[in-house]
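Here is the structure we will look at, set down as structure tokens.
The values are calculated or read from the model by the stated rules, or taken from the named source; none is laboratory data. A quick note: this is a predicted structure, and the numbers were derived from the prediction, not measured. So basically every Cβ, Gly included, is an ideal-geometry build from the backbone, and we count neighbours across all protein chains shown. Each accessible area value is taken on the protein alone, full model and side chains, heavy atoms only, with ligands, DNA and RNA left out. Shrake-Rupley method; radii C 1.70, N 1.55, O 1.52, S 1.80 Å.
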Amino acid sequence: MVFVILFFIFILQTVWLFIAELAGKDLDLIMVIKFLLFAMPRIIPLVLPLSVLLASIMTFGNLAENYEFAAMKSAGISLQRAMKSLIVFISILSVVAFFFANNVIPYAEYKFINFRKNIAQLKPALAIAEGQFSDVGLYNIKVNKKSGVNGNTLTGITIHKKSPIGGGSKTVIKAKNGELISSEKSNTLQLVLNDGYYYEDILPKKYEDWNKMPFAKSSFKKYIINIDLSKLNAVDVNDASITNTNTMLNINELSYTLDSLHKTMNTDILSFSENINQRIRISRDDKIISPVKKQPIINDLLSLYTNQQKLEILKAANSNVESSLYSINGTNTELEFKQKNINNHILAFYDKFVIAFACFLMFFIGAPLGAIIRKGGLGLPIVFAVLIFISFHFINTFGKRIAQEDELSPFMGAWLSSLILSPLAILLTYRATNDIGLINMDVLLAPFQKVFQKIFPSPK
């Protein structure tokens with residue numbers, strides 16, 4: 001029951017996240033259902049541990065509230081023995097969660113990403129909504145009205161073309177009408193425009209000419225724009241320029257991919273090292289380094305050259321340093337990007353184990369906590385469950401973020417939340433087994449009582 005309720009809540013969150021792709025684009029009910037079905041498995045890693053935690057607190061809280069644990073203990077049944085059958089069940093559930101994360105979720109991610117792309121291929125008009133600008137690749141497209149079969153006939157078209165190097169829109173295209181043409185076998189979407197105008201800002205080479213704001217204007221009877229659909233429905237990832245394939249791979253595929261990525265990165269580092277050594281090596285044939293006179297030992301090498309040669313040497317050195325620094329910075333950025341990609345794959349590898357352990361961990365937090373607080377139902381257990389799960393989810397997200405930036409090892413980033421909450425599970429299990437409350441107020445107040453007695457001694 002808890003799982004179904006939480007799953008429904010997270011499905012609503014998924015609808016909210018992808019509302020821009022679902023609303024106002026003439027999607028029929030079957031497509032919406034398929035969209036949600038492919039998105040559902042990615043919710044399981046969030047819902048399942050929270051369901052185990054909340055159900056454990058409610059179940060053991062009800063047993064403790066109705067003094068059923070007291071009856072068990074009076075009959076010689078310990079808390080561990082009462083939890084034995086559930087431990088077996090949670091172990092089986094953890095194994096099932098691991099296989100689900102390793103097989104079902106990658107397949108669902110693959111279908112989900114391709115389904116989003118296929119929507120644009122089969123019904124390209126779905127990517128463009130009426131009366132608003134829709135981001136389609138390098139273009140922002142607005143149409144006043146869609147008509148015809150699948151809404152492929154467009155009227156009142158305004159297109160802003162993005163500059164590939166930044167700086168906003170430099171090109172505006174307006175057309176009275178047009179048509180969208182696509183094929184299932186092609187990743188290219190054709191937008192045929194009729195009776196329109198083409199405006200483009202021209203950036204002068206000289207800065208003083210910018211105030212003149214020159215632009216080019218042309219008219220056309222027919223103009224065709226080709227849009228690459230492979231980037232139309234790009235997945236939301238940490239780096240927008242890379243395809244997030246790590247979520248679509250199982251453990252074996254991730255291991256193979258990681259091996260390839262490490263080899264590629266090592267090859268790039270070795271190649272750059274060789275290139276930079278060749279770049280800073282001074283040529284023997286260079287006339288600049290020929291001294292005016294030869295001396296065996298000298299402290300100031302520049303004193304061996306004329307002023308003109310000194311100037312040429314310093315210019316060459318400065319150019320060489322700037323070129324080397326530029327190359328180093330560029331390669332460093334590229335290597336950081338590749339390291340982040342490797343870290344993402346390693347995190348995806350460990351995530352499949354984390355979800356299995358999270359179910360086990362949440363049970364050993366929820367079960368003893370319910371026995372300690374002795375409250376069942378949907379009141380206090382929900383408060384504790386939400387607080388614990390938010391802490392777990394926050395630490396997990398924080399660990400992954402800093403691991404992606406290579407400030408923490410991916411292993412620690414993936415397991416950080418589990419390592420932090422494991423002592424809590426051990427502590428709660430110990431206190432519940434020994435009938436110790438959640439907080440022993442006598443222990444906390446004892447130091448203050450001693451100080452109070454020293455200040456205000458009791459009369460004899």
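What the table below lists for this structure:
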quantity: Residue in segment 178-191 that is modelled with the lowest pLDDT, counting only those that are buried (at least 16 other Cβ atoms within 10 Å of the Cβ) and of a type in the set (A, V, I, L, M, F, W, C); calculated: LEU189
quantity: Residues (open to solvent by less than 20 Å² (accessible area, probe 1.4 Å) and either over 30 Å from TYR67 (Cβ atoms) or in contact with a strand residue (DSSP E or B) (Cβ under 8 Å, 6 or more places away or on another chain) (or both)) located in segment 349-383; calculated: LYS352, VAL354, ILE355, ALA356, ALA358
quantity: Residues of segment 51-74 classified as more than 15 Å from ILE5 (Cβ to Cβ), open to solvent by 20 Å² or more (accessible area, probe 1.4 Å) and not aromatic (Phe, Trp, Tyr), total; calculated: 11
quantity: In segment 130-177, residue nearest to LYS222 (Cα to Cα) [restricted to those that are within 27 Å of the chain's Cα centre (by Cα), assigned to a loop (DSSP other than H, G, I, E, B) and modelled with pLDDT of 70 or more]; calculated: LEU138
quantity: Only one of ILE346, ILE342, ILE276 that is of a type in the set (Val, Ile, Thr) and either at pLDDT below 85 or open to solvent by 70 Å² or more (accessible area, probe 1.4 Å) (or both); calculated: ILE276
quantity: Selection within segment 410-460 - charged (D, E, K, R) and either at pLDDT below 65 or open to solvent by 70 Å² or more (accessible area, probe 1.4 Å) (or both); calculated: ASP435, ASP442, LYS450, LYS454, LYS460
quantity: Residues of segment 76-92 classified as among the hydrophobic types (A, V, I, L, M, F, W, C), free of Cβ contacts under 8 Å to residues at least 24 places away in the same chain, part of a helix (DSSP H, G or I) and open to solvent by 40 Å² or more (accessible area, probe 1.4 Å), total; calculated: 3
quantity: Options VAL104, VAL95; residue that is part of a helix (DSSP H, G or I), modelled with pLDDT of 90 or more, open to solvent by 40 Å² or more (accessible area, probe 1.4 Å) and among the hydrophobic types (A, V, I, L, M, F, W, C); calculated: VAL95
quantity: Segment 374-405, residues that are touching a residue at least 24 places away in the same chain (Cβ under 8 Å), farther than 22 Å from PHE357 by Cα and over 23 Å from the mean Cα position of the chain (by Cα); calculated: ARG374, LYS375, GLY376, GLY377, LEU378, LEU380
quantity: Scan of segment 379-402 for residues that are of a type in the set (A, V, I, L, M) and modelled with pLDDT of 85 or more, ordered by number; calculated: LEU387, ILE388, ILE390, ILE395, ILE402
quantity: Which listed residue, of GLU407, GLU322, is outside any helix (DSSP H, G or I), more than 19 Å from ALA101 (Cβ to Cβ) and open to solvent by 40 Å² or more (accessible area, probe 1.4 Å); calculated: GLU407
quantity: Set ASN396, ASN341: member being more than 29 Å from VAL95 (Cβ to Cβ) and of a type outside the set (Gly, Ala, Ser); calculated: ASN341
quantity: Extreme residue, modelled with the highest pLDDT, among residues of segment 109-120 that are under 14 Å from MET31 (Cβ atoms) and open to solvent by 10 Å² or more (accessible area, probe 1.4 Å); calculated: LYS111
quantity: Unmet requirement for ALA356, which otherwise passes all of (1) under 15 Å from the mean Cα position of the chain (by Cα); (2) within 30 Å of SER260 (Cβ to Cβ); (3) not acidic (Asp, Glu); calculated: (1)
